[in-house]
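Accompanying notes for the structure given below.
The values are calculated or read from the model by the stated rules, or taken from the named source; none is laboratory data. Nothing here was measured: the structure is a model prediction, and the numbers come from that model. A quick note on method: Cβ atoms are made from the backbone with ideal geometry, for glycine too, and the neighbour counts reach across all protein chains shown.
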Amino acid sequence: MKIYIYKSLILTLIFLLILSQIVYAGYYIERLRELDTRILCFLLFIGPLIAIFLLSIGGLFFIVSQNPEKREEARSLIYNALLGLIILIIFIFIASYIGNLNIERCL
């Protein structure tokens with residue numbers, strides 16, 4: 001009979017230990033969610049600025065250059081800036097949907 005009592009006490013202690021670790025991990029999950037939101041806010045702020053900068057540089061090179069090869073490079077820069085901006089926007093929406101993150105605080 002004593003063996004069953006000890007086993008039940010040990011199992012109860014293990015259960016309480018696991019439960020305390022789950023609660024403890026929940027705190028860190030919330031901290032990670034805040035960090036993820038901050039990273040998304042940073043990307044939402046800096047990404048369009050970089051894209052606008054690259055678009056303006058590409059447009060300037062496209063207008064100024066006389067060489068067709070340089071114009072093709074400028075066109076490629078504009079295309080890549082737009083593609084990067086689209087990928088960034090898609091990434092932010094997917095990450096906020098999957099991670100259930102609140103990006104309204106950024107706007």
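Based on this model, can you work out whether residue 55 counts as at pLDDT 85 or above, closer than 28 Å to residue 94 by Cβ and out of contact with any Gly (no Cβ under 9 Å at 6 or more places or on another chain)?
Spelling it out, residue 55 is indeed at pLDDT 85 or above, closer than 28 Å to residue 94 by Cβ and out of contact with any Gly (no Cβ under 9 Å at 6 or more places or on another chain).
With (1) under 13 Å from the mean Cα position of the chain (by Cα); (2) modelled with pLDDT under 85 as the list, and residue 29 as the residue in question, which single condition is left unmet?
(1)
Quick check, is residue 77 assigned to a helix (DSSP H, G or I), closer than 30 Å to residue 31 by Cα and not basic (Lys, Arg)? Walk me through it before giving the result.
Numbers: assigned to a helix (DSSP H, G or I): yes; closer than 30 Å to residue 31 by Cα: no; not basic (Lys, Arg): yes.
Against the criterion (assigned to a helix (DSSP H, G or I), closer than 30 Å to residue 31 by Cα and not basic (Lys, Arg)), residue 77 does not qualify.
For residues that are β-branched (Val, Ile, Thr), closer than 29 Å to residue 34 by Cα and touching a helix residue (DSSP H, G or I) at 6+ places or on another chain (Cβ under 7 Å), tally how many sit in the stretch 69-101.
Total satisfying the criteria: 1.
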